[in-house]
Amino acid sequence: MKNKKGELILLLASVLWGTCFVFQKMGMDYIGPFTLGAFRFLLGAMVLIPVMILFDRMKKKKNPGEPEELEKLEHLKKLEHLKKLEDLEKLKDLEKNKGFKDKELYIGGGLCGTALFAAASLQQIGLQYTTAGKAGFITSLEIVLVAAVFILISRKVQVNVLIGVSFAVVGMYLLCMVEGFYLEKGDTYELMGVIFWALQILAIDQYAKKVDVIKLSFVQFMTTGIVSCVFMFVFENPQVSSIVSGAIPILYTAIIEVAVAYTLQIIGQKYTQPDIASVILSLESVFAVISGMVILGEMISFREFLGCVCMLAAIITTQLPKYSSHVKVK
């Protein structure tokens with residue numbers, strides 16, 4: 001049941017990302033990629049502050065004695081008196097609520113944020129030299145990389161997931177590669193970004209189950225925003241007038257894309273294995289096509305329709321009963 005919950009949350013994140021791509025492109029008309037990254041991620045982090053305060057108050061009302069209980073259990077752990085399985089499980093649950101006192105939060109948020117900075121920046125730079133369709137397809141290749149890494153780590157091959165990944169790659173090709181496949185300058189940036197998108201998904205998979213997910217999201221955004229600021233002042237010359245002119249795409253991407261969608265990604269991945277999560281998140285391109293039809297009145301071609309069908313087949317395939325086989329990895 002938790003898996004389905006996570007997958008639905010990831011699906012919602014994909015829907016939101018699909019509507020944001022046009023605003024990312026709009027933002028580049030006014031400011032550079034690092035300036036856009038700095039503002040959208042720092043503003044996204046600010047939006048999360050009242051959410052964190054609200055969630056913390058709700059937790060305190062629900063579990064008023066939690067801090068004292070955590071201190072007691074940790075003391076017993078140090079004295080090696082923590083023998084009962086239920087006490088161990090309780091301690092694990094309480095440790096997730098340490099909040100900003102947990103060093104794992106900063107390690108995880110720092111790793112996720114650094115990977116996100118590299119991935120988002122390379123994508124934005126690449127968009128200046130290549131088409132949005134090619135950028136979308138190349139970025140989607142993260143699902144192949146994530147699936148390969150998951151196989152190496154787990155030593156398992158889930159046949160339905162591999163078939164789903166194949167469907168997704170074909171679907172992305174039909175949706176995005178309308179003008180044929182040939183490498184341009186921007187494609188190199190997009191290919192480098194694929195590595196970091198995959199690393200971000202894998203890092204979230206590791207830490208979303210260990211720490212408070214809302215706070216993890218906040219630390220991730222702050223890390224991405226601060227690093228973007230450094231690069232902004234070194235490589236760009238942001239003007240106040242340009243930032244004001246690009247206020248709409250900056251605010252939209254900060255709130256919808258960053259604060260909401262990326263946070264949903266972290267929450268959803270808490271309950272979903274990374275290879276399946278990457279397939280669901282790749283539906284972003286399908287929803288981009290749909291939003292173009294609904295918002296901009298764009299027409300969809302038969303080729304794009306087939307691409308959407310392949311993407312739908314990918315999701316359905318990954319939801320079939322799992323058949324796993326162990327593989328030997330030298």
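The values are calculated or read from the model by the stated rules, or taken from the named source; none is laboratory data. Remember, it's a predicted structure, so these values are computed and weren't measured experimentally. All Cβ positions, even for glycine, are placed from backbone atoms using ideal geometry, and neighbour counts span all protein chains on display. Note: areas computed on protein heavy atoms with side chains; ligands, DNA, RNA excluded. Shrake-Rupley method; radii C 1.70, N 1.55, O 1.52, S 1.80 Å.
Results, tabulated for the structure shown:
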item: Residue list for the range 12-59, filter: hydroxyl-bearing (Ser, Thr, Tyr), over 17 Å from residue 264 (Cβ atoms) and not in a loop (DSSP other than H, G, I, E, B); result: 35
item: Scan of the range 176-196 for residues that are at pLDDT 70 or above and buried (at least 19 other Cβ atoms within 10 Å of the Cβ), ordered by number; result: 186, 187, 189, 190, 193, 194, 196
item: Selection count, the range 206-226, where residues are assigned to a helix (DSSP H, G or I) and buried (at least 22 other Cβ atoms within 10 Å of the Cβ); result: 12
item: Of the criteria (1) touching a strand residue (DSSP E or B) at 6+ places or on another chain (Cβ under 9 Å); (2) within 26 Å of residue 56 (Cβ to Cβ), which one residue 275 fails; result: (2)
item: Single match in 277, 254 (criterion: among the small types (Gly, Ala, Ser) and either without any contact (Cβ under 8 Å) to a residue 24 or more places away in the chain or under 20 Å from residue 25 (Cβ atoms) (or both)); result: 254
item: Residue, modelled with the lowest pLDDT, within the range 276-316, restricted to residues that are aromatic (Phe, Trp, Tyr) and more than 25 Å from residue 147 (Cβ to Cβ); result: 305
item: Unique residue being open to solvent by 40 Å² or more (accessible area, probe 1.4 Å) and modelled with pLDDT under 90 when the list is 252, 271; result: 271
item: Selection status of residue 235, open to solvent by 50 Å² or more (accessible area, probe 1.4 Å) and among the aromatic types (Phe, Trp, Tyr); result: yes
item: Within the range 204-251, tally of residues that are farther than 12 Å from residue 105 by Cα, touching a residue at least 40 places away in the same chain (Cβ under 8 Å) and of a type outside the set (S, T, N, Q); result: 18
item: Test for residue 202: is it open to solvent by 30 Å² or more (accessible area, probe 1.4 Å) and in a helix (DSSP H, G or I); result: yes
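Residues checked against (1) more than 25 Å from residue 138 (Cβ to Cβ); (2) under 16 Å from the mean Cα position of the chain (by Cα); (3) among the charged types (D, E, K, R):
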{"position": "200", "(1), (2), (3)": "no, yes, no"}
{"position": "205", "(1), (2), (3)": "no, yes, yes"}
{"position": "220", "(1), (2), (3)": "no, yes, no"}
{"position": "232", "(1), (2), (3)": "no, no, no"}
{"position": "251", "(1), (2), (3)": "yes, no, no"}
{"position": "256", "(1), (2), (3)": "no, yes, no"}
